[in-house]
Amino acid sequence: MNAMLDAAWAVFVRELRLALRRPAEATQPLVFYCVLALLFPLGLAAQDVGLRAFAPAIVWVSALLAALLGIERLFRADVDDGTLEQWLLADVPFPMLVGAKLAAQWLLIAAPLIVAAPLIALALNLQPQAIGVLLLGLLFGTPVLVFSGGFAAALTVGAPRAGLLIPILVLPMMCPALIFGAGAVRAAQVGLSVEGPLYFLAAMMVLSLTLLPWAAAGALRNALE
Amino acid sequence: MWTWFHRLASPPSFYRFADRLAPWLLGLGLLLLAVGCYGGLFIAPADYQQGDAFRVIYVHVPAAALSLFVYVLMAVAGAIALVWRMKLAECAVVAAAPIGASFTALALVTGMLWGKPTWGAYWVWDARLTSELVLLFLYLGVIGLNQAYSDARTAARACAWLALVGVVNVPIVHYSVQWWNSLHQGSTILSLEAVRDPKISSSMLWPLLLTLSGSFAFFFAVWLRRLQNEVVARERGANWVRDCVLQAPLAAVSNEQSGMTGPELDPSMQSRQGRQRHGEPRGAD
Amino acid sequence: MANEGRYCKSQERRRVPHRLHCARNFPALAMSPLSVSDLAVSRGDRTVFSGLSFRVEPGEILHVQGRNGAGKTTLLETLGGLRVQIAGTIAGGPGASERHWLGHRSALNAALTPLENLRFWCALNGAGDSELLPALDQLGVKAQRNRLCGTLSTGQRRRVALSRLLAVKRPWWFLDEPLAGIDAAGLQLITQLLAAHAGEGGTAVVTSHQALPDSLPRLRALALDA
């Protein structure tokens, strides 16, 4: 058990170290997210009252797209240099290692998005009382985005031309998160109960965290064979 | 029962089994569809509210039912393929996807055609419509993934994983869209149940049951044929393909085409029987 | 278990000193031979080879030979556990913590240093990393331990990868083209490593286009060309 956790921790730390070696690449999702969210108001009329109504959707769609940015390269380097072979052969459950890698990716990709979300929400005129719900929703929802993106990356890792396929693969998995995440914020905006959608999001997070590493590991094993 | 099942899973015996079954299923399906359509279009009375527009259900309902059924079938085949590494199940997944996608698209299009006179708009973000659209994307994902790999086996197993994850996802999508929809208070969306459930008269019902069962028979016939193609394409190096599949049509065609002589197969000939994946001649194996 | 006992007994009769020597280095479990019978493996739709049977005794070095595409790497991957066969059995193979697998790719991330790469590998396998520096030293790449792997030459990366064999002692080695990109001095070094490994009772299965030196003890060739 201890050896298993040690191995998972080693994978986790390695991901963070690799990100630190390439800081420009690691900050890309955050920059993309901010630019995307801040471009939306420019498409509307100045002082448009509709902005507030669209704010939840804008934040969530921006987060979704930022999480997809570069996700297809997630496993490619490890497959190309043979590291994944060593993961498969180690005396540790392979899904656990994949899960550790995805968890590290969540910290690298999604955590900055959550931290930046309040600022973007203010820029989009979101009511202050809805910001807390937005953050909670992102906290539950972004693991779903990152883990399903990771699953799609694992599915396409053996097919070099499949980059275009990833949006189609992740759309069905991400749309419930988008619906509940943005829905919770809208409910908060009009003073409705936000518990329902948040519980739903949390349940989806648990489902993704437990099932998708196994599915991604299976897909990777298949691609390596 | 079990041993019969086991024997059927071997490609040659499956091929022969499908060869015998598929024509019957196809004939039965077309007959049921013809009678059902006639009944639906000419015998059943017009709906007192929707007029003749309701008649689209004779196509729409079977297509929608099959779009869900095929996906579940694909996921079950995918699970079998992944757990027992059964070749036939792998073929079943990739053979079912395009048919399922077609039925889904048909259900969407007929739904839209029905929506225009009934709801006044081709597209409404109704729970059923939205989840059907997501289902179409799931099918497109499986088809795209299958095309993306150059190796048929890896492709099929990747598709099996996707189908498995998707089948867990379908109910989630359905409930999420339903919940999302109910948030819009007071929107006047007619649910399909309102059309289907209330006291549908038997003169309207029997054609529907006929087209429904006819569509299922038609699906199984097409699926078996696609499966045969898939199996032959996979096993193109095997002896049984040479013996029982390629010999007969080869002999028939080589009589017509004087240019083709000798025992070696022309690749274009082969694709008549089995879809060729790599475009490499069989001799390469 | 009964099989194993019988095997050990016959070994003992033949080569008593050698057996004692092995027992000191590797646990008894490692002493069972690897026997492959009627093996068939496919890559995707293509059956690479079939009906392959052979046996590897402990202390042996098996050199897998064959032209390009004969299935050397495929065989090694199957023996190492990366690939599932479509027919046949592999009996007496090593467990995950008893084998070293070294693919033709070195499993070194270009953005990490050799030391970081190897430490990660040790942690992944639950092994201590105290022997890393001596191992790197023995392979002549200790000076490069803190440079990024991306800046090392092919041969240097290969040496770093090979130092895993010394850093963590394991009785079974599966090496895919270990000589690729290695210079003459490196070839001699690898020969020494293999000889020492076999001398301690360890077993190695090696694919290589180049001939392995005849000086190796208990070297046996397996030709895959059919």
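State the percentage of accessible surface on chain C attributable to carbon and sulfur atoms; use a 1.4 Å probe and exclude ligands, DNA and RNA. Could you put the intermediate results ahead of the total?
Values: 4890 of 9590 Å².
Of all accessible area on chain C, carbon and sulfur atoms account for 51 percent.
Rank A:186, A:52, A:21 by mean-square fluctuation in a GNM of chain A with C-alpha springs under 10 angstrom and give only the top-ranked residue.
A:21
Accessible area per residue of the range B:18-234 at 1.4 Å probe, in Å²?
Numbers: 9390 Å² over 217 residues.
Solvent-accessible surface per residue comes out at 43 Å².
Can you give the FRET efficiency to the nearest 0.05 for residue B:175 and residue C:153, using r as the Cβ-Cβ distance and R₀ = 56 Å?
On the way: r = 57 Å, r/R0 = 1.02.
Calculated transfer efficiency: 0.45.
What's the whole-number percent of alpha carbon pairs in the range A:96-175 lying beyond 21 angstrom?
Working: 1279 of 3160 pairs.
When all Cα pairs of the range A:96-175 are counted, 40 percent exceed 21 Å.
Under 10 Å, Cα contacts only: if you run a Gaussian network model on chain C, which one of C:41, C:160, C:206 comes out with the highest mean-square fluctuation?
Answer for the Gaussian network model of chain C: C:41.
Which is farthest toward the positive dipole end of the protein assembly as shown among A:198, A:123, C:81, measuring Cα position about the Cα centre, with Cβ charges +1 (Lys, Arg) and -1 (Asp, Glu)?
C:81
Calculate, axis by axis, the spread of Cα positions in chain A along the three principal axes, and write the results as whole Å, longest axis first.
57, 32, 30
Let me know the mean shielding of B:138-148 by other chains, meaning the per-residue number of their Cβ atoms within 10 Å of its Cβ. Spell out each step's value before the answer.
Details: counts 5, 2, 5, 11, 2, 2, 8, 9, 1, 4, 10.
The mean count of partner-chain Cβ atoms within 10 Å per residue comes to 5.
Which residues of the range C:60-83 end up with at least 30 Å² less accessible area in the presence of all protein chains than when their chain stands alone, using a 1.4 Å probe?
The answer is C:82, C:83 - residues whose exposure falls by at least 30 Å² when every protein chain is included.
How are the C-alpha pair distances of the range B:18-234 spread across 5 Å bins, as whole percents from the shortest bin up?
Binned Cα distances yield the sequence 1, 7, 13, 16, 17, 15, 13, 9, 5, 2, 1, 0.
Please report the buried accessible area for the interface of B with C, total over both chains, probe 1.4 Å, in Å² to the nearest 100. Could the numbers behind the result be given before it?
Working: alone 15270 and 11010 Å², together 25770 Å².
Rounded to the nearest hundred, the buried surface is 500 Å².
Ignoring ligands, DNA and RNA and using a 1.4 Å probe, state the total buried accessible area between A and C in Å², rounded to the nearest 100. Walk me through the intermediate numbers first.
Working: alone 11430 and 11010 Å², together 20140 Å².
For chain A against chain C, roughly 2300 Å² becomes buried.
Assigning unit charges at the beta carbon (Lys, Arg +1; Asp, Glu -1) and nothing else, what dipole magnitude in debye, to the nearest 20, does the protein assembly as shown show about its Cα centre? Intermediate results must be reported in sequence, preceding the final value.
Numbers: 59 positive and 47 negative charges, 244 e Å.
Dipole magnitude for the protein assembly as shown comes out near 1180 debye.
Quick check on chain C: of the DSSP beta bridges with both residues there, what percent are antiparallel, nearest 5%? Don't jump to the answer; show the numbers that get you there.
On the way: 11 of 29 bridges.
Beta bridges within chain C, antiparallel portion: roughly 40 percent.
How about the range A:72-118: which of its residues lose at least 30 Å² of accessible area in the presence of all protein chains relative to their chain isolated, using a 1.4 Å probe?
Listed by number, the residues meeting the 30 Å² cut-off are A:81, A:85, A:86, A:89, A:90, A:91.
What percentage of the solvent-accessible surface of the range A:77-178, computed with a 1.4 Å probe over protein heavy atoms, is contributed by carbon and sulfur atoms?
Numbers: 2160 of 2910 Å².
In the range A:77-178, the share of accessible area belonging to carbon and sulfur is 74 percent.
At a probe of 1.4 Å, how much accessible area disappears from chains B and A on forming the pair, both sides counted, to the nearest 100 Å²?
Numbers: alone 15270 and 11430 Å², together 24200 Å².
So the total buried area for this chain pair works out to about 2500 Å².
In the protein assembly as shown, with Lys and Arg counted as +1 and Asp and Glu as -1 at Cβ, which of these residues, A:104, B:109, A:2, has the Cα nearest the positive end of the dipole, that is, farthest along it?
It is A:2, whose Cα lies furthest towards the positive end.
Over the Cα atoms of chain C, Rg to Rh with Kirkwood Rh, two decimal places?
Values: Rg = 17.6 Å, Rh = 18.3 Å.
Rg/Rh: 0.96.
Just to confirm, what accessible area per residue do you get for the range A:2-224 at 1.4 Å probe, in whole Å²?
40 Å²
Compute the separation of the alpha-carbon centres of the range C:110-158 and the range B:22-38 and state it in Å as a whole number.
Using only Cα atoms, the two centres lie 68 Å from each other.
Could you check how much of the accessible area of the range B:18-234 is carbon and sulfur, as a whole percent, using a 1.4 Å probe? If you can, show how the numbers build up before the last one.
Details: 6600 of 9390 Å².
Accessible surface attributable to carbon and sulfur in the range B:18-234 totals 70 percent.
Can you give me the relative contact order of the range A:2-224 as a percent, contacts being Cα pairs under 8 Å and 6 or more apart?
Working: 261 pairs, mean separation 61.4, N = 223.
Value for the range A:2-224: 28 percent.
So the label point goes 7 Å from the Cα of residue B:43 along Cα→C-beta, right? Which residues of the range B:202-245 then have their backbone N under 17 Å from it?
B:202-215
Counting only protein heavy atoms, probe 1.4 Å: which residues of the range C:107-128 lose 50 Å² or more of accessible surface in the full assembly compared with their chain by itself?
C:107, C:109, C:111, C:112, C:116, C:120, C:124
How long are the three semi-axes of the equivalent ellipsoid of the protein assembly as shown, in whole Å, if each is the root of 5 times an eigenvalue of the C-alpha gyration tensor, listed from largest down?
On the way: eigenvalues 555, 297, 80 Å².
Its equivalent ellipsoid spans semi-axes of 53, 39, 20 Å.
The values are calculated or read from the model by the stated rules, or taken from the named source; none is laboratory data. Note that the coordinates shown come from a computational prediction; the quantities given were computed from them, not determined experimentally. Ideal geometry is used to build each Cβ from the backbone, glycine not excepted, and the neighbour counts take in all protein chains shown. Ligands, DNA and RNA are stripped out before the accessible areas are found, and what is left, the full protein with its side chains, is counted by its heavy atoms. Shrake-Rupley method; radii C 1.70, N 1.55, O 1.52, S 1.80 Å.
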